[in-house]
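Data first, discussion second: the structure below is written as structure tokens.
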Amino acid sequence: MIIVLAGAVPGYWVTVATVDTVGRKPIQFMGFGILTILFAVMGFMYFRISPNGLLAIYVLAQFFFNFGPNATTFIVPGEVFPTRYRSTSHGISAAMGKIGSIIGQGAIAPLRTRGAVPGGNPNPWMDHVLEIYALFMLLGVGTTFLIPETKRKTLEELCGEDDYATTHGGEGVDVGRGADGEDERVVDSGEKKVAGSGESA
């Protein structure tokens, strides 16, 4: 646990310090890219690197998981979806992440013991499992190109809800009922216009 925290906690704090300056997309792109390299090194060199070397790479991987996709894949779904669908879409996105975790732990990780024999190496396929993880990290690099950058933008800007006010100079932002029951809207001049008639009150 201490070894995991040695990489994970600093990674989170670096993300907090840079996410609004560097941006979500560059952090995620960099995280997936470096993780691809780290997992590839561990996979293809697994039986040639010393235990201390593997441990050092593992701590680095924990750092770039958290200064990378672990943080950004939680932040971005809460920002990029339209307001009307944001909570539902964020929930679906989170669920897909949990399904991916189940697949990784329940289907791929057990492959490490494939071909094991009593008294021999208990994890003969560990190198191939790490290579598979490197492939998934590479896929993450590709999918990062599909997301927009959301740093320093309001939720209204991201979902286009400010477009009408920007295009129409802020006119017609308040709609209500007049004394005669007809729809009215207040414009910048303070006048009231009756909907459908073009008359000013």
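The values are calculated or read from the model by the stated rules, or taken from the named source; none is laboratory data. From a predicted model like this one, the values you see are computed outputs, not experimental measurements. Here the Cβ is made from the backbone with ideal geometry for all residues, glycine too, and neighbour counts use every protein chain on show.
Using the structure shown, decide if ILE108 is outside any loop (DSSP other than H, G, I, E, B), at pLDDT 75 or above and of a type in the set (Val, Ile, Thr).
Criteria met by ILE108.
Name the single residue that is surrounded by the fewest Cβ atoms within 10 Å (Cβ to Cβ) among those in the range 113-128 being touching a residue at least 12 places away in the same chain (Cβ under 8 Å) and among the hydrophobic types (A, V, I, L, M, F, W, C).
Top of the filtered list is TRP125.
Would you be able to tell me the number of residues in the range 115-149 that are of a type outside the set (Asp, Glu) and part of a helix (DSSP H, G or I)?
17
What's the number of the condition THR88 fails, among (1) loosely packed, with under 11 Cβ neighbours inside 10 Å; (2) within 21 Å of ALA71 (Cβ to Cβ)?
Of the numbered conditions (1) loosely packed, with under 11 Cβ neighbours inside 10 Å; (2) within 21 Å of ALA71 (Cβ to Cβ), the odd one out for THR88 is (2).
Just to verify a result, which residue in the range 43-59, among those that are aliphatic (A, V, I, L, M) and in contact with a helix residue (DSSP H, G or I) (Cβ under 6 Å, 6 or more places away or on another chain), is surrounded by the fewest Cβ atoms within 10 Å (Cβ to Cβ)?
The qualifying residue surrounded by the fewest Cβ atoms within 10 Å (Cβ to Cβ) is VAL59.
Looking at THR36, THR72, THR83, which is the one that is at pLDDT below 95, under 23 Å from PHE145 (Cα atoms) and buried (at least 16 other Cβ atoms within 10 Å of the Cβ)?
THR72
Would the range 94-102 turn up any residue that is within 16 Å of LEU130 (Cα to Cα) and in a loop (DSSP other than H, G, I, E, B)?
There is no residue in the range 94-102 that is within 16 Å of LEU130 (Cα to Cα) and in a loop (DSSP other than H, G, I, E, B).
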